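The values are calculated or read from the model by the stated rules, or taken from the named source; none is laboratory data. The structure displayed is predicted, hence computed values, not measured ones. So basically every Cβ, Gly included, is an ideal-geometry build from the backbone, and we count neighbours across all protein chains shown.
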Amino acid sequence: MNFNTTAIAEELISTTEKLAKGYKTLQAIEKVEIGTTKKELVWSCDKIKMYHYTRETPAKCAIPVLVSFAMLNRHDVLDLQPDRSLMKKLMDEGLDIYIMDWGYHNKSDRYLTMEDYIDVYMNGAVDFLRKRHNTPKIHKMGICQGGTFSMIYAALYPEKLQSLTTYVAPYDFSTTKCMLYKWTKYIDVDAMVDNIGTIPGEMVDGAFGMLKPSMNISKYLGLMDSLEDRDKMLNFLRMEKWKSDLPAIPGEMYRKYIKDLFRDNKLITGDFELGGRKVNLKNVTMPFLNVYATEDNIIPNESTKNIMNVIGSKDKKEYPFPGGHIGVFVGTKSQKELGPAVAKWVIEKS
């Protein structure tokens, strides 16, 4: 076997120089900030909070919008930086935005249920906004798991919603096009919850990481050519900061989420119950916008799209977004096209 020692030496020198430049770039970065769009706390219940994004001009839409993100990660990815902020873009387009903050849970929260999150926290926040804005209905938006919870809420409290918009949300768990959907059919979630109580975010994140392991390698290889670019380095660090912020998940809520939805697919079949009430998706009669990512490797398109066949709304629309799961929130196309399109749709439904 012949080796080109000159080429190898040149590559080592080049790599060493890149690493030295990267170290210098990192030294110049004092702080990595995300979620910097100005907002104020307006409501709280236990560890759950709701913030209002501060507007400098009157909204084009008098009816407020409440956004709910998933519980595994923090909602800051929706406001990663000023030029990559879905929340800021929706505000710029004229919407009055509020956001749920699910908080950080510990072992004392292991007995919180899905009923607590939907009937108590989400419903409490919605009622606060209805009273604050003197309106019988609000606009609801939900992302990923937050979209699933928002759909359940819409079926139980349709009289309180003017419209419903969900992004990359799972509804039909019968698909086998994602390993996550296969694994959850066989995990012993009862043993997990009974022994651990509160599920560590790192445990769930590890499962997501195994869906596409090459991504954890390719992102660092791509970074090598950007080590001396401060802006690109900051972009990378902001995303890594968000990804590493992994709140724990209350065990009882997680137990029902996995068993009733992922394993038994009760929501789409009409067998799902919350607090002793059957969740009938035909009750979802408000205008509905369903955003899904065409290249989503976490939530298959089939899982999201099939909701269109079972809800009661006649005013329903799909928005296929070209890209992946996270690109819906932080991609350039999201800022230029998705945000304005969603805002326009919501305003039309007001």
### Query
Is there a residue in segment 67-80 that is more than 20 Å from the chain's Cα centre (by Cα), surrounded by fewer than 22 Cβ atoms within 10 Å (Cβ to Cβ) and closer than 28 Å to Met308 by Cα?
no
### Query
Restricting to segment 78-107, what's the tally of residues that are touching a residue at least 60 places away in the same chain (Cβ under 8 Å), aliphatic (A, V, I, L, M) and under 18 Å from Thr165 (Cα atoms)?
5
### Query
Limited to segment 41-55, what total is found for residues that are of a type in the set (Ser, Thr, Tyr) and either under 19 Å from the mean Cα position of the chain (by Cα) or on the phi > 0 side of the Ramachandran plot (or both)?
2
### Task
Test Thr198 against the stated conditions and say whether it is hydroxyl-bearing (Ser, Thr, Tyr) and farther than 29 Å from Asn283 by Cα.
yes
### Query
Is one or more of the residues making up segment 146-154 out of contact with any Asp or Glu (no Cβ under 8 Å at 6 or more places or on another chain), part of a strand (DSSP E or B), under 23 Å from Leu289 (Cβ atoms) and not β-branched (Val, Ile, Thr)?
no
### Verdict on Lys131 being within 20 Å of the chain's Cα centre (by Cα), part of a helix (DSSP H, G or I) and free of Cβ contacts under 8 Å to residues at least 60 places away in the same chain
no
### Query
Restricted to segment 233-262, and to residues that are in contact (Cβ under 8 Å) with a residue 60 or more places away in the chain and among the aromatic types (Phe, Trp, Tyr), which residue is surrounded by the most Cβ atoms within 10 Å (Cβ to Cβ)?
Tyr254
### Task
Pick out the one residue from Lys219, Lys259, Lys185, Lys177 that is farther than 19 Å from Phe69 by Cα and at pLDDT below 80.
Lys219
### Message
Please pick out the residue among Val346, Val328 that is buried (at least 20 other Cβ atoms within 10 Å of the Cβ), under 17 Å from Ala154 (Cβ atoms) and in contact with a strand residue (DSSP E or B) (Cβ under 6 Å, 6 or more places away or on another chain).
### Response
Val346
### Pairs with Cβ under 8 Å, 6+ apart, first in segment 111-128 and on the phi > 0 side of the Ramachandran plot and surrounded by fewer than 19 Cβ atoms within 10 Å (Cβ to Cβ), second among the hydrophobic types (A, V, I, L, M, F, W, C) and at pLDDT below 95
none
### Task
For residues that are closer than 22 Å to Glu202 by Cα, at pLDDT 95 or above and within 18 Å of the chain's Cα centre (by Cα), tally how many sit in segment 105-125.
2
### Message
Among the residues in segment 280-301, are any out of contact with any helix residue (DSSP H, G or I) (no Cβ under 9 Å at 6 or more places or on another chain) and not polar (S, T, N, Q)?
### Response
no
### Task
For segment 287-302, state whether one or more residues are surrounded by fewer than 19 Cβ atoms within 10 Å (Cβ to Cβ), aliphatic (A, V, I, L, M) and either closer than 26 Å to Ser174 by Cα or modelled with pLDDT of 95 or more (or both).
yes
### Task
Kindly list, by first and then second residue, each pair from a residue in segment 51-77 that is closer than 30 Å to Ala248 by Cα and modelled with pLDDT under 95 to a residue that is in a loop (DSSP other than H, G, I, E, B) and among the polar types (S, T, N, Q), limited to pairs with Cβ atoms under 9 Å and residues at least 6 apart or on different chains.
none
